[in-house]
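Just so you know, all these numbers are worked out from the coordinates, no wet-lab data involved. Please read all numbers here as calculations on a predicted model, not as lab measurements. For neighbour counting, all protein chains shown are included, and Cβ atoms are generated from backbone atoms with ideal geometry for every residue, glycine included.
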Amino acid sequence: MSIIVTGSIAWDYLMRFPGRFKDHILSDQDKLSVSFLVDEKERHRGGTAPNIAYNLALLGERPKIVAAAGHDFEDYRQWLESVGVDTSHIAIHPDEFTATFSVITDLDHNQIASFHTGAMARAREIDLRPIARNANWVIISPDDPAAMVNHTAACREVGVPFVYDPSQQLARISRDDFMHSLQGASVLAVNDYELELAKKLSGLDEAGLLTYVQAIVVTRGPDGASVITREGEVHVPAAQPEAVVEPTGVGDAFRAGLLVGLNAGYDWETTLKLGNTAAVYVIERIGTQNHHYTREEFLARVRENYGELPALETCCRRSKIED
Ligand SMILES: Nc1ncnc2c1ncn2[C@@H]1O[C@H](COP(=O)(O)OP(=O)(O)OP(=O)(O)O)[C@@H](O)[C@H]1O
Ligand SMILES: [Mg+2]
């Protein structure tokens, strides 16, 4: 029995333009045709599914990714296997590129970005049901929009508890798709800005949303995280990062801690503490899968921030026998 992670798989290309976009883009021209000579390029492993799964593996789980990738995925796949992520349910499409996120940043930190869906568009062809039948928990994170709708329906049909994590897709999803996906979720996971979007989109307040979902987990950046249920709200302040280098991926790391807590059946306070602690490691490094810790280091970090917790004795052991 395990945790299934669905979501995007992407290569992230980060480039630096040693100038200012505004010096090259003239507002009075009808046509735009510009080329920026970039002097730095890095390729990072990205996508919400591997980001969440990588953190789950650090936390002692053996998560299964269910997602779609392309012909340029093999070295990424091998690396995920080497850190303890089960990639056997990833659909590889040899005729497609893996989704690609490209961003050029200039000296003023302005960005020009693109996201090529590639193989991710084929995630809608995946039938999650046979895999979800043997799972404890599923998280549905940003992916091909049709795939997300299908996956939430599959979880309801099979009766497996799921976390619905629409994140940035809340800005463009239809109300129907949102309400449909939310129905029957155990947890809606959002940041504070996305909670406002979710309320606007649904026309419901927190109490209204809680007629569709059992709990709303809200991350609040440096202010930590809260959970809102029909019983009320529990808030846990953030853990302390050693340095704030680059926050991309904090939300995904938080979700790994959240899933560990849910899977173990811990109380909300403990669960949010695990999420907050898993998140701070990501802020301290560039890239979303470049941090590392052992079980002992993680538990020590939880204790440093929150004191001794009864759950820590058994938490995050790498002893799970897989089916
Ligand atoms: N500066 C910070 N210091 C400590 N913890 C932080 C900080 N920023 C974020 N976190 C932790 O990460 C969690 C998620 O952060 P946040 O609410 O910013 O997510 P997000 O907006 O979804 O981020 P992203 O989508 O960029 O990954 C927070 O609940 C908190 O635990
Ligand atoms: Mg986010």
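List of remarks:
- For the stretch 248-287, the Kirkwood hydrodynamic radius comes to 9.9 Å, computed from all pairs of different C-alpha atoms.
- With the convex hull drawn over the C-alpha atoms of the stretch 227-323, the volume per residue is 118 Å³.
- From least to most packed, judged by other beta carbons within 10 angstrom and beginning with the fewest, 151, 180 follow the order 180, 151.
- 9 Å beta-carbon shell around residue 15, net charge (K/R +1, D/E -1): -1
- Acute angle (nearest 10 degrees) that the helix 295-306 long axis makes with the longest principal axis of the chain, alpha-carbon atoms: 80
- This model, with +1 at the C-beta of Lys and Arg and -1 at the C-beta of Asp and Glu, gives the chain a dipole about its Cα centre of some 440 debye.
- Placing R0 at 56 angstrom, the Cβ-Cβ distance between residue 204 and residue 41 gives a FRET efficiency of 0.80 after rounding to 0.05.
- Calculated translational diffusion coefficient of the stretch 16-87 (25 °C, 0.890 mPa s; Stokes-Einstein with Kirkwood radius over alpha-carbon pairs) equals 158 µm²/s.
- DSSP-defined antiparallel bridges as percent of all bridges, the chain, nearest 5: 40
- For the chain, relative contact order (Cα pairs under 8 Å, six or more residues apart, normalised by length) works out to 17 percent.
- When Rg and Dmax are taken over the Cα atoms of the stretch 1-135, they come to 18.3, 60 Å.
- Rotationally averaged projected area of the stretch 174-237 (alpha carbon convex hull; nm²): 4.0
- Calculated [θ] (222 nm, deg cm²/dmol) that DSSP helices of n ≥ 4 give over the chain, each run adding -39,500 (n - 2.57): -9500 deg cm²/dmol
- Sorting 61, 296 by the number of Cβ atoms found within 10 Å of their own Cβ, with the fewest placed first, yields 296, 61.
- Whole-number D in µm²/s for the chain (Stokes-Einstein; Kirkwood sum over Cα pairs; 25 °C, 0.890 mPa s): 121
- Taking Cα atoms only, the orientation of helix 48-58 departs from the longest principal axis of the chain by about 50 degrees.
- On the beta carbon distance between residue 33 and residue 109, with R0 = 35 Å, the FRET formula returns roughly 0.90.
- In degrees, nearest ten, helix 192-202 long axis to first principal axis of the chain (Cα): 90
- Over the Cα atoms of the stretch 167-207, the radius of gyration divided by the Kirkwood radius equals 0.90; this is the Rg/Rh ratio.
- For the stretch 148-227, size of Cβ-based charge dipole, Lys and Arg +1, Asp and Glu -1, in debye: 120
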